[in-house]
Amino acid sequence: MSTPGKKETVAERVKRESRGLRGTLAESLKDEHTGSLRADDQLLLKFHGMYQQDDRDRREERTLKKLDRLHSFMIRLRIPGGMVGPVHWEELHNVAGKNSTGTIKITTRQTVQLHGILKTQIKPTIKAFDQVFLDSIAACGDVNRNVTCTSNPTASPLHKEVFGYAGEISRSLLPKTRAYYEIWLDEKQLVEKEEPKDPLYKDLYLPRKFKIAIAIPPHNDVDIFTNDIGLIAIIENGALIGFNVSIGGGLGTTHGNPDTYPRLGTVIGFIEKKDVLKVVYEIVTVQRDFGNREDRKLSRLKYTVDRMGIDTYKKEVESRTGIPFQPAKNYKFETRTDEFGWRQDTAGNWHYTVFVENGRVLDENGYNLKSALLEVSKTRRAVFRFTCNQNVILSDVLPKDKELIHEILVRYDVDKKTTEASPLRKNSIACVALSTCSLALAEGQRYLPSLVDKIEGILIKYGLKNEPITIRMTGCPNGCARPYISEIGLVGTAYGKYNLHLGADWEGARMNRKYKESLDEDQILNELDLLLGRFSKERKKSESFGDFINNLGIL
């Protein structure tokens, strides 16, 4: 809630003046003198699921030649629960090859994004996705983002029912403006009719981005406590009865700003499933009305919760819904990892989880993963489910079609790559970082695979080759790859330098802590060599690396 007399921020002004997120985007697109958009429109573009970027590897070269930056755009799709059909995947493959760099990036929020799209190709790309009923509405910006859900149907016989809530929540929290359809799909604006008011977002939208996830215990593959709202499915006597509700999670922070911090969500109680949409909606409205609009670094729900107090926030939600929270039900998380290879659900259908290192789907160095997945899509015998660990599940395969899909996976070495990858590599996540992310201070997805190679050597030396340690890397402290909740977290501080964080638990309920600052590769490897050596000799039976570090008392 804005304070009278406080200066309005640029972001708040742009939202207020945007005419329902339209701004001057249409005019910016027609400007042929630059590959960029106007400054205000770059902010609005995020609400349409896109970011303006530039190739940072070529900045210096172009500056010397007195050329403008090499601008391009990233488009992120809105895919609640992360499931698309084979036709969708085939179109995604074709669009990526035609309009972007060609790489399909699976994100940590169960969707996909394409990079390197030129300004002239944005509308054709959006129109191509629209032909198969895909869109990027609200995939970015100060609104509710993509709603995630436990990905693998083998997690529970009730997976389909729980999964359905991701779509329902996403639809209930969409902006009401028709700007997306007018600007990108050339829908004619109905000037004779006033656009309906948006009762949720009004004209200022939210103070900052908002994230929601749904988990089905014992699986916590969505990292439920890192979200603004976490819904933990409670199943009793074979039936879904409702959800435990967690609020106030979020990992973004700022180097050198002690007022910013990562926070895990707090469980505030249980609600019956019939009430979930109403409760989620009003949790969002409380953040809309009380969130910090004067300082974007302090505008996420976690700061609102801590400023108001958890009990006050909870009571405000109860007042708006008329629904009191019941005491939280018992639950237990046991794993956050994906279950690779073939798994069969209770209905008899098969699901194959493919390991996709750092979510990058491409044909590279003789490994043609992108071509393999295209061939799978053309069989029309599998759907595609994205995981929050950046992998893809070839899902809902009928028993009679399993051999057909498996033959493709074997022929393209996908099964071999998935089977032979070490547990450390399978539990690695990295953000895009350089060269396109404007916030990145260091490398992410381009560097982590080679670092994992070297850490694997240390694990082998100490007989820990099969230890499933989680490792995550980001190029900045924004936390997109969730490094603060991994057993080994690496957060970029400058090119080639990372803060080393250690000690998160295996279940995702305890954050790690900063161990050493601004280490280069040799220093990282030396520290891990020392600690993994101790781990191999001193650990208790079945003790995870994160628990071992936490119990050492060195943090």
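The values are calculated or read from the model by the stated rules, or taken from the named source; none is laboratory data. All values reported here derive from a predicted model rather than from experimental measurement. Ideal geometry is used to build each Cβ from the backbone, glycine not excepted, and the neighbour counts take in all protein chains shown.
Observations on the structure shown:
- Residues that are more than 13 Å from Arg208 (Cα to Cα) and polar (S, T, N, Q), drawn from the stretch 266-305: Thr266
- Restricting the stretch 484-514 to residues that are outside any loop (DSSP other than H, G, I, E, B) and in contact (Cβ under 8 Å) with a residue 60 or more places away in the chain, the residue that is nearest to Ala442 (Cα to Cα) is Thr493.
- Residue satisfying condition, being among the β-branched types (Val, Ile, Thr) and surrounded by fewer than 19 Cβ atoms within 10 Å (Cβ to Cβ), within set Val432, Val414, Val452, Val410: Val410
- Scanning the stretch 110-123 for residues that are in contact with a strand residue (DSSP E or B) (Cβ under 9 Å, 6 or more places away or on another chain) and over 17 Å from Phe386 (Cβ atoms) yields a total of 6.
- So Val305, is it in the same structural domain as Lys329 (by TED's automatic domain parsing) and outside any helix (DSSP H, G or I): no
- Only one entry of Pro196, Pro217, Pro157 meets the criterion of being in a loop (DSSP other than H, G, I, E, B) and more than 23 Å from Thr346 (Cα to Cα), and that entry is Pro196.
- Residue in the stretch 218-240 that is under 24 Å from the mean Cα position of the chain (by Cα), farther than 21 Å from Ile429 by Cβ, crowded, with 18+ Cβ neighbours inside 10 Å and of a type in the set (Ser, Thr, Tyr) present: no
- Of all residues in the stretch 58-94, those that are closer than 28 Å to Gly475 by Cα, in contact (Cβ under 8 Å) with a residue 12 or more places away in the chain and of a type in the set (D, E, K, R) total 5.
- Among the residues of the stretch 46-57, the ones that are in contact (Cβ under 8 Å) with a residue 60 or more places away in the chain and more than 18 Å from the chain's Cα centre (by Cα) come to 5 in all.
- Test: residue in the stretch 376-385 that is surrounded by fewer than 23 Cβ atoms within 10 Å (Cβ to Cβ), without any contact (Cβ under 8 Å) to a residue 40 or more places away in the chain and either assigned to a helix (DSSP H, G or I) or touching a helix residue (DSSP H, G or I) at 6+ places or on another chain (Cβ under 8 Å) (or both): no
- Within the stretch 240-257, residues that are closer than 14 Å to Pro483 by Cβ and outside the structural domain of Pro477 (by TED's automatic domain parsing) sit with their Cβ atoms under 8 Å from residues that are modelled with pLDDT of 95 or more and β-branched (Val, Ile, Thr), at 6+ positions apart or across chains, in these pairs: Gly250/Thr226; Leu251/Thr226; Leu251/Ile485; Gly252/Thr260; Thr253/Thr260; His255/Thr493.
- Annotation note: of Ile283, Ile271, the sole residue that is of a type in the set (Val, Ile, Thr) and either closer than 28 Å to Ser486 by Cβ or part of a loop (DSSP other than H, G, I, E, B) (or both) is Ile283.
- Test set (1) more than 19 Å from Asp135 (Cα to Cα); (2) modelled with pLDDT of 95 or more - Lys65 fails condition number: (2)
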